[in-house]
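Structure first, then comments.
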Amino acid sequence: MKDVHIAVGVLAILLNSLAFLWGAYAWFNGRPNTWFWRLLRAGQGIVVLQAALGGILVLIGYKATSLHVIYGVIPIALALFAEQFRISAAQMILDKRGLENAQAVGKLPKAEQHAIVVAIVRREIGVMTLSAFVVVVLLARAAQVAH
């Protein structure tokens with residue numbers, strides 16, 4: 001069981017690293033990218049699986065260091081926080097441009113509408129890319145403090 005936990009941990013680091021790199025590329029180019037979102041969601045799912053496996057190991061008597069547990073659980077809380085921040089990205093962009101809501105965007109010329117949508121998507125990608133990076137750091141740290 002411990003070997004499975006280690007293998008899933010390596011996969012979690014790998015998927016979140018790929019999501020970070022792909023997201024950084026997508027953010028830098030200002031283009032939406034479906035593969036980024038797929039990698040990100042897969043990485044998030046594997047982190048949850050990793051935490052569940054760690055919980056099972058603790059329940060069956062494996063002794064984990066407190067730091068290992070903390071570094072293993074924080075990525076889940078971070079992902080939830082990042083999702084909330086991502087959700088607010090659209091409103092932040094609208095507020096920055098003095099627009100009340102999505103209906104106000106619909107009244108703008110097509111080019112401006114497109115620019116606003118790109119800005120929103122770029123901010124969402126940026127937030128989630130940073131969260132993937134921090135998850136990688138936390139998971140790597142969890143691996144370092146495991147005994």
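The values are calculated or read from the model by the stated rules, or taken from the named source; none is laboratory data. Remember, it's a predicted structure, so these values are computed and weren't measured experimentally. Here the Cβ positions follow ideal geometry from the backbone for every residue, glycine too, while neighbour counts run over all protein chains shown.
Values computed for the structure shown
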item	result
L80 being closer than 14 Å to G9 by Cβ and among the hydrophobic types (A, V, I, L, M, F, W, C)	no
Every residue from the range 41-64 that is of a type outside the set (A, V, I, L, M, F, W, C) and closer than 20 Å to V137 by Cβ	R41, G43, Q44, G45, Q50, G54
Criterion (in contact with a Ser or Thr (Cβ under 6 Å, 6 or more places away or on another chain) and not charged (D, E, K, R)) met by exactly one of G106, G23	G23
In the range 83-110, the residues that are aliphatic (A, V, I, L, M) and either in contact with a strand residue (DSSP E or B) (Cβ under 8 Å, 6 or more places away or on another chain) or over 17 Å from R31 (Cβ atoms) (or both)	I87, A90, M92, L94, L99, A102, A104, V105, L108
From the options E100, E83, E124, residue that is in contact with a helix residue (DSSP H, G or I) (Cβ under 6 Å, 6 or more places away or on another chain) and acidic (D, E)	E124
Those residues of the range 42-72 which are of a type outside the set (A, V, I, L, M, F, W, C), part of a helix (DSSP H, G or I) and without any contact (Cβ under 8 Å) to a residue 24 or more places away in the chain, in sequence order	G45, G55, S66
Residue check for G98: more than 16 Å from L11 (Cα to Cα), modelled with pLDDT of 90 or more and outside any helix (DSSP H, G or I)	no
Residues of the range 11-41 that turn out to be in contact (Cβ under 8 Å) with a residue 12 or more places away in the chain, more than 14 Å from S131 (Cα to Cα) and in a helix (DSSP H, G or I), as a count	3
Residue in the range 105-118 that is under 25 Å from L15 (Cβ atoms) and either at pLDDT below 90 or surrounded by 13 or more Cβ atoms within 10 Å (Cβ to Cβ) (or both) present	no
Residue match in the range 77-97 (condition: within 16 Å of F133 (Cβ to Cβ), surrounded by 12 or more Cβ atoms within 10 Å (Cβ to Cβ) and among the hydroxyl-bearing types (S, T, Y))	no
Residues satisfying the stated conditions in the range 116-142, i.e. over 15 Å from the mean Cα position of the chain (by Cα) and more than 29 Å from A104 (Cβ to Cβ)	A140, R141, A142
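Every residue, every condition in (1) surrounded by 19 or more Cβ atoms within 10 Å (Cβ to Cβ); (2) within 21 Å of D3 (Cβ to Cβ); (3) modelled with pLDDT of 90 or more, yes or no:
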position: F20; (1), (2), (3): yes, no, yes
position: A24; (1), (2), (3): no, no, yes
position: F28; (1), (2), (3): no, no, yes
position: N33; (1), (2), (3): no, no, no
position: G45; (1), (2), (3): no, yes, yes
position: V48; (1), (2), (3): no, yes, yes
position: L57; (1), (2), (3): no, yes, yes
